[in-house]
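As structure tokens, the structure follows; a few thoughts come after it.
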Amino acid sequence: MKRLKTCIILLALLLAAMALVPLVSAGEQKSDKIVDIKDAESNALFEIRTLAENNPNFSNWTNATVQPVTTYYDLNDEKTAYAFNVFVDNKYSGYVLTSATKDNFPILAFSHGKIIGSDPKSAQDSLTSAKEGIVGEGLTPTKVKNVYLGGLAFYNEYQMMDSKGQNKGKSLVDLHTNKVVDLSNTSQGIPIPATDQEFKKFQEKQQSEIKESWNLQNTAMLNNRTVRLATSGYSWNSLNGVPQYFWTLGCSPTAAGMVVGYYSLHGYPNLPRDTPLINELAGYMGTSVGGSSWPWNIAPGINTLISHYNYYTLSATTDIIPTWSGDVNEIDSIRPFVLNMLNGGNAIGRSQAYGDHSVTCIGYTGNTGSPDQQFLEVYDTWMVSGESNYASHFIHYNNWLWAADTYVRPS
Amino acid sequence: MKETEGLKRWIIWGTIPFILIFIFFLAILIYPIGPGLPQHQDFSTGIIWNVGHRCDSPDRANPPGSDLCISQRNSGNYPQFPSLTQTAGYATASHAVFRKPGTNQTRVFAIWYFENSGECGNSEGLLSRYLKAQGQLTPVSLDLSREIQSWNYAGGQAPPSTLEGTVFESNDTAGYFFVIKKAVMPSRDDCFIEYFGLIGENNLSAGSADLRQIIALEGNPWYLFTGQTGPLSEQGRE
């Protein structure tokens, strides 16, 4: 029975550890997955505000502040989590544990209590356990790091030193059981109740859920910000019903395709949609085999396509000196448009800068008087693997060297 | 005289900023936008994402004659065939299932994306060996000129109307395989393996019209610029 229990615990640890291992197919750079402590703090603050508004048990966290207290690592010295203490009126009121990597869910835990291992008694017990677990004489444990492997898997890692100050290996103490554990042996002799295929499927599903959580977190934070801005006199708008297309043949025909596709769905039904539409636009715009389009060809290409389908009350023009108020007016007039950027920067939540790229603008949030608070909402023709939906992204206005807008307007 | 020279100087110096501004705008206007490529790992998901809109709106006037609607979009290998993307870093797979309204007939469009042509060639070999053990492989030149014409493509670049591929026939499926090297653009090594097939039936002559529709509509842009597809090869092609 005892052996079975040990097996179950070790298996749970193994699963928790493996949840933090990136999928082979994820393919992102390691740096893209790292969440720095500033972003983690924003996540923690957003979480406590959300909890305060929605959970009566945490209603006192409305004006709470957070303070980073512990950084956790995995066995390879990669950061896995940050713990933030929550203070209300300068008094301790709990903690929020956030992920330090996008391989795990943004928020890992929160409580009014204390995080395991943070009180002095727990620290002393853990040290005692490390000493008791020493095999050999004259060794002294020195704590080197806090380890978090997912779920409830918290550990203290100790470096064992002999009397001459020489390293004599490491020791890991489980903070729940206060026992020294050897994680290097967890995979030996433990029957895993799932086939490789099933486990891979489980991993893929979990990674997909994790990515979706990060997308939701980003969107929710931005939406929340939008609501706050609105209550402070800012304005925003976001158009519904604009079709979302993935990059095909080039960004300009794809982005223009979303705009023309919108009109095909709203009053111009003979216009094509989807893949054939992008295909035709690429031809009319003279998109190169390298996927590039000349800015001065984009509006004429759209116009040729529109007239080919015998519509003469819809036309495209390009504005080479666009303004914030002009773009706002376009969205407020319920007209999505193409934003063509040279040397565009990153949108919020995107690890890849846009560079020379066309996107479809479907909304905005901000204020004419505050350029640093102006954002355009765009469909950028990209997706993220694992996304179950194609999400919009926000880019700071003027986060580019130069932009030209292609407006499509009914006359 | 002095006044005239002063005026000239003023005109020259005054027009320089305008000339610079003009040059700036001229420079950016002749700077192409794009390609704005997504990340490698997003291609198979994205292509299948684009497939899904066709039957969303009943008012659809163009393209005409579509009687296939998307019923599923899935990320991951099509389960009827071996997993081809387990080992490659930027290799992904997705598939879409279509249904014919009012019938139980279903069709599949499965795609495997490879960043690297070598990996694609290895997978081609693995796949063709597997398929040979399961059924019959026959090279085919598929003439799609009628389907392409019916979609009323008006763009400047005409897609190829004959596609080289491989017919696969087994007990429970039949369909067409295509390998598209340098599928995204000539300067890159991206490679697609595509399968357009019947699900749960193997009468290709009866189901071929549906598959041709899907091939002409959904696969088309990816052949447009490269201009060619190829059959599955046991050795893989470079």
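Quick notes on this structure:
- Highest-first packing order for the peptide set B:173-179, A:340-346, B:205-211, A:118-124 is B:173-179, A:340-346, B:205-211, A:118-124, based on the mean count of other beta carbon atoms within 10 Å.
- Average other protein chain Cβ within 10 Å of Cβ, residues B:38-49: 6
- Pairs from the table (A:LYS102/B:LYS181; A:LYS33/A:LYS91; A:LYS79/A:LYS205) lying more than 28 angstrom apart at Cα are A:LYS102/B:LYS181; A:LYS33/A:LYS91.
- Candidate cross-link partners of A:LYS145 among the aspartates and glutamates, defined by an alpha-carbon separation under 12 Å and a same-chain spacing of 8 or more, comprise A:ASP74, A:ASP77, A:GLU78, A:GLU157.
- Close amide H partners of B:MET185, meaning residues 5 or more places away or on another chain with modelled amide H under 5 Å apart, are B:ASP190.
- Inter-chain shielding of A:240-247 (mean C-beta neighbours from other protein chains, 10 Å cut-off): 4
- Packing-based ranking, highest mean first, of A:62-74, B:8-20, A:278-290 given that Cβ atoms within 10 Å are counted: A:278-290, A:62-74, B:8-20
- For segment A:102-109, 3J(HN,Hα) computed residue by residue from phi via the Karplus equation (6.51, -1.76, 1.60; θ = phi - 60°) reads 7, 7, 9, 5, x, 10, 9, 6 Hz, glycine and proline entered as x.
- Amide H contacts under 5 Å for A:THR248, placed H, 5+ residues apart: A:THR254
- For segment A:55-159: relative contact order, % (alpha-carbon pairs under 8 angstrom, 6 or more apart): 20 percent
- Environment charge of B:GLN72, counting only residues whose C-beta is closer than 12 Å and scoring Lys/Arg +1, Asp/Glu -1: +3
- Size of the A/B contact, given as accessible area buried on both chains, probe 1.4 Å, in Å²: 4900 Å²
- The aspartates and glutamates whose alpha-carbon is closer than 20 Å to the alpha-carbon of B:LYS182, local same-chain residues fewer than 8 away aside, are B:ASP42, B:GLU115, B:GLU119, B:GLU124, B:GLU164, B:ASP190, B:GLU194, B:GLU218, B:GLU234, B:GLU238.
- Rounded to whole numbers, the Karplus 3J(HN,Hα) couplings from phi for segment A:348-359 are 4, x, 9, 8, 9, 5, 6, x, 8, 8, 9, 9 Hz, using 6.51 cos²θ - 1.76 cosθ + 1.60 with θ = phi - 60°, and x at Gly and Pro.
The values are calculated or read from the model by the stated rules, or taken from the named source; none is laboratory data. Predicted model, so just to flag it, every value in this text is computed and none were measured. When we count neighbours, we look across all protein chains shown, and the Cβ atoms used for this are built from the backbone with ideal geometry, even at glycine. We work out accessible area using only protein heavy atoms, side chains counted, and drop any ligands, DNA or RNA first. Shrake-Rupley method; radii C 1.70, N 1.55, O 1.52, S 1.80 Å.
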